[in-house]
Structures are given as structure tokens and as C-alpha cells.
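What follows is a single structure, written as C-alpha cells, with notes after it.
Just so you know, all these numbers are worked out from the coordinates, no wet-lab data involved. Keep in mind the model is a prediction, meaning the values are calculated, not measured. Here Cβ is always computed from backbone atoms with ideal geometry, including for glycine, and neighbour counts include all displayed protein chains.
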Amino acid sequence: MTAQAKLFANSAVTPVTADDGVVSDPHSRHDARHSNHLPSRWLAQALEQRLVELYQSSDDLSFAEIAWRLNDEFSMQMSRNAVIGRAHRMHLPPRVKYHRGGRPVKIIKKPKVTFVKKRKPVAPAGARDLPLLQLKHHQCRFATAGTQAPYLFCAQPVVEGRSWCPTHNKIVRA
């Protein structure tokens, strides 16, 4: 006797059994043979009750195992994600997560973000503050002043192959 038949055995409603053995409620608008939806309110309540039992069992069943057992007991096709969604909608408390080895997972808190104060730009001796468009190819492009236009740059001779003078190259490469 299937779980569906057991549910209807104690009710006053007589179940209708199709040729393929699927039990459905004669007063239901849905036919269990053509739908993945639950055929009756009683079956939905029984399914939810069994889901809670399996969810809270001491066996620590995974959602896939719970889905497999519910599908077996209620002759349904319910995926792991459907079980997770139903448990979430039923507001079941979260469970402790386990590794495959059986030890609880350590939840690592994200490190606190700390901000470092901005260093004041170091201007080497002899630095001339020039706007970007006035700089030549061999002049330092390290911003020395201004957070608003016009932006000014160091303009000292650069280290070969770099965009900065030796003083600012140390700062940028640090």
C-alpha cells in the first residue's frame, strides 16, 4: 500500500485509482497523472509533515536524500532544489553545515576593512607643478597637487623606461 493510499484510508473520501496505479482525490481539480503538483490538500500536509520529520531527523540527511525519500514514499518527482525551496518557505531553521568527513564547517568571518590615511605627495627638490597637457615625454607624471581641475604633475626628469622621476618611482613601486 502506497503512502497516498494510506492517507486516504482514514478519510471519508474514496480515492480514484487510475490504470497506472496513481491515486488522486476525486474532488481535486488536478489529476495526479498529468501534473507534478500535489493532488490534494491532505497529501500536501502529509508531505510537509514528513519533510519536517526528515529535515529534523538525527540522521543528518542531505536535501537530495530527503527528496529521494519523499519521492519514494509519495510516488512523486521532487528535485533536491524543490525540497530546499519548500523548507525555506516553511521557515525551517537553518541546519549546521557539514563536510563530507562529518566535521562542522567553520564559518570564517570576513576581515574588517581598515582605511589607510592618504600620504601627502612628496615633491622632490626642484619640482615644477605643470598641467598634464604641458608635460613633455621625459617629464614625471606623478600628480602632486589638486583634487579638482586643473591637476598638476611633478615634471621632473623621469627614470629611463618609466613615467616617474626617481623619488616618485620609489613611491609607486613600493
Net charge over other residues, Cβ less than 12 angstrom from the Cβ of CYS165 (K, R count +1; D, E count -1): +3
Please report HIS91, HIS138 as a ranked list, fewest other C-beta atoms within 10 angstrom at the top and most at the bottom. HIS91, HIS138
GLN56 paired with LYS136, simple spin-label distance in nm, labels 7 Å along Cα-to-beta-carbon: 8.3 nm
Sorted from fewest to most neighbouring beta carbons within 10 Å, what does the list GLU160, GLU73 look like? GLU160, GLU73
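Just to confirm a number: summing +1 for Lys and Arg and -1 for Asp and Glu over residues other than LEU130 whose beta-carbon lies under 15 angstrom from that of LEU130, what do you get?
Value of the local net charge: +2.
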Starting from the Cα-Cα distance between GLU73 and LYS170, subtract it from 0.36 nm times their residue separation and give me the gain in nm to one decimal. 27.8 nm
Grab every C-alpha pair in the range 130-173, bin the distances at 5 angstrom width from 0 up to the longest one, and report whole percents. 6, 29, 30, 21, 12, 2
Surrounding net charge for PHE153, when Lys and Arg each add one and Asp and Glu each subtract one, Cβ distance under 12 Å: +2
